[in-house]
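Structure first, commentary second.
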């Protein structure tokens, strides 16, 4: 990932990751150290970090959000299943105040 961002960061707007548990790969668990390093790389190269917490959010990893294991905050966080316990199709995308202000005021 470091090499990819170093060589291509000008063409990359965001990195999306399933924090702590990569569900799309068959529930592969990885270290929170990777998330910490990824957050630093995204900051270094000014690339947004998107955390897909749809499957692992709301306590499924022992923390409220899987990102909490690495003590990082993504630029965007996607949430869904835990909001309505699967009874309604509902989702949320949260972001930072800085990004929201750019969206709201067109800065």
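The values are calculated or read from the model by the stated rules, or taken from the named source; none is laboratory data. Since the structure is predicted, the reported quantities are computational estimates derived from the model, not experimental observations. Every residue, glycine among them, receives a Cβ derived from its backbone with ideal geometry; neighbour counts consider all protein chains shown.
Candidates are the residues of segment 56-87 that are over 12 Å from the mean Cα position of the chain (by Cα), outside any helix (DSSP H, G or I) and at negative phi; the one that is surrounded by the most Cβ atoms within 10 Å (Cβ to Cβ) is 61.
Can you tell me which residue among 67, 102, 78 is touching a helix residue (DSSP H, G or I) at 6+ places or on another chain (Cβ under 7 Å) and under 20 Å from residue 48 (Cβ atoms)? Give the derivation first.
On the way: 102 fails: touching a helix residue (DSSP H, G or I) at 6+ places or on another chain (Cβ under 7 Å); 78 fails: touching a helix residue (DSSP H, G or I) at 6+ places or on another chain (Cβ under 7 Å).
Answer to the check: 67.
Cβ-Cβ distances below 6 Å connect the following pairs, each with a first residue in segment 50-79 that is under 14 Å from residue 91 (Cβ atoms), a second residue that is surrounded by 20 or more Cβ atoms within 10 Å (Cβ to Cβ) and at pLDDT below 90, and a separation of six or more residues or different chains: 79/57.
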